[in-house]
1. Against the condition under 18 Å from Pro211 (Cβ atoms), within 14 Å of ligand 1 (Cβ to nearest atom) and either modelled with pLDDT under 95 or open to solvent by less than 10 Å² (accessible area, probe 1.4 Å) (or both), how does Gly299 come out, does it pass?
2. Within region 350-367, restricting attention to residues that are at pLDDT below 95 and surrounded by fewer than 14 Cβ atoms within 10 Å (Cβ to Cβ), which residue is nearest to Tyr386 (Cα to Cα)?
3. Those residues that are part of a loop (DSSP other than H, G, I, E, B) and of a type in the set (A, V, I, L, M), I need them from region 353-389; list them, please.
4. Say whether the condition of being part of a strand (DSSP E or B), farther than 19 Å from Ala194 by Cα and in contact with a helix residue (DSSP H, G or I) (Cβ under 7 Å, 6 or more places away or on another chain) is met by at least one residue in region 307-325.
5. Exactly one condition in (1) farther than 15 Å from Glu108 by Cα; (2) free of Cβ contacts under 8 Å to residues at least 60 places away in the same chain is false for Leu25; which is it?
6. Just to check your reading of the model, which residue among Arg262, Arg221, Arg212, Arg270 is in contact with a Lys or Arg (Cβ under 7 Å, 6 or more places away or on another chain), assigned by TED's automatic domain parsing to the domain that holds Met285 and either open to solvent by less than 70 Å² (accessible area, probe 1.4 Å) or on the phi < 0 side of the Ramachandran plot (or both)?
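The values are calculated or read from the model by the stated rules, or taken from the named source; none is laboratory data. Predicted, not measured: the structure shown is a model, and the values here were computed from it. Reconstructed Cβ throughout: ideal geometry from the backbone, glycine too, with neighbour counts over all protein chains shown. Please note that ligands, DNA and RNA were not included when accessible areas were found on the heavy atoms of the full protein model with its side chains. Shrake-Rupley method; radii C 1.70, N 1.55, O 1.52, S 1.80 Å.
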Amino acid sequence: MISVDEALGHLFSLTSPLEVETVPLIEAAGRVLAQPVRAGRNQPPFSASAMDGYAIIGDEADLHAQFKVIGESAAGHGFDGTVKPGTTVRIFTGAPVPEGATHVVIQEDVERRGDLITITAPQDGHNIRALGNDFRVGDAVDAPCLLSPEDVALLAAMNFAEVPVTRRPVVALISTGDELVMPGETPGPDQIIASNTFGLHALLSKLGAEPRLLPIARDNRDSLETTFKLAEGADLIVTIGGASVGDHDLVGDVAEAMGMERAFYKIAMRPGKPLMAGRMGDAVMVGLPGNPVSAMVCGHIFLAPMIRAFLGLGTAPTPARTARLTRAMGPNGPRQHYQRALVDGNAITVFNRQDSSLLSVLSRANALAISPPHAEEMPEGSDIAYIPF
Ligand code: AMP
Ligand code: MG
């Protein structure tokens, strides 16, 4: 048996960052910036007023000082002239500060009569945003960077209408099994509904991949072969089920007959069976166990880091956090155990029922508590690592 980290290492060796494509900024959120981009302008591009008020020479900002209003500077419409001693320009937030002025008196600190203003409160702070106060020409947004809505706002301010991002990995999802029908169909008496592919589809979308749900492959060679052919063009082919040693578990055989260099990794983890992986043409193929919880856990532990690697976000395991056990936990066996749990603040409650077929328990969980191989018994209040959903 190999460790989860070793298995991930094998999967990473099959995975490399995808090529760069350009997308309109409006589609950039959630994408990975592939190359650093640099601002071609300063923000603000001129020294700008931070408030509505009156622009004056700072040395003259004394209580009761009076000024003559000689013009106006509004956002988008600056004032052409110069502010000279004893004069002021009515100014609004975001408007260019006129030449000569170094201070904006907020309108609440002013009494105005006709063209004359009087400062009615002591001044501190100039209420001016210096040119380039936010960013300057040449300032970079570094890559790789998973673009947040906030990053998109910054890129827009820098005047990028499009940005270079890593192409989304296309993931073909194949359910296998004679017992499966699609949600919404009427199952026969011996049938169940395919659930894993839908869970994985949602997970992969959230990770920034482009999942494609293929038709369910039946437990025969023809059907599997046909379905594999439909996966053409995918970067990653994920099969679910049919990968153990049962009579009807043909996925490995068929994939191999179609040119896959098969590797089996018997991984010291629970839940999860041996994982199948290999190169299949231009794609990477990963065979996941069929049990619904195992498939989803493997999605979090193996597929998520692979997607990040495809996106150029490096090769690291899914990051873990720690929380305090609300109940004592028994010692662990030889396999790393990922238990369904509920994290609330700093407290983590591990559910009693951990059978790998229980989607209802998985759905109530918001975390996987991680017990390393051979971990000793942990008393209530111990810190334990977990992966949040
Ligand atoms: P297998 O690995 O094909 O033997 O499947 C193990 C278990 O997982 C069986 O009980 C299957 O019915 C179930 N299973 C396999 N694939 C799916 C799927 N896509 N959705 C829900 N259950 C599945
Ligand atoms: Mg099966």
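1. In short, yes.
2. Asp355
3. Leu358, Ala365, Ala375
4. Within region 307-325 (the criterion being part of a strand (DSSP E or B), farther than 19 Å from Ala194 by Cα and in contact with a helix residue (DSSP H, G or I) (Cβ under 7 Å, 6 or more places away or on another chain)), the answer is no, since none of the residues qualifies.
5. Leu25 satisfies every listed condition except (2).
6. Arg270
Quick grid of which residues meet (1) modelled with pLDDT of 95 or more; (2) open to solvent by 60 Å² or more (accessible area, probe 1.4 Å); (3) not in a loop (DSSP other than H, G, I, E, B):
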{"site": "Arg90", "(1), (2), (3)": "yes, no, yes"}
{"site": "Glu111", "(1), (2), (3)": "yes, yes, yes"}
{"site": "Pro122", "(1), (2), (3)": "yes, yes, no"}
{"site": "Leu131", "(1), (2), (3)": "yes, yes, no"}
{"site": "Gly138", "(1), (2), (3)": "yes, no, no"}
{"site": "Val152", "(1), (2), (3)": "yes, no, yes"}
{"site": "Ala156", "(1), (2), (3)": "yes, no, yes"}
{"site": "Asn159", "(1), (2), (3)": "yes, yes, no"}
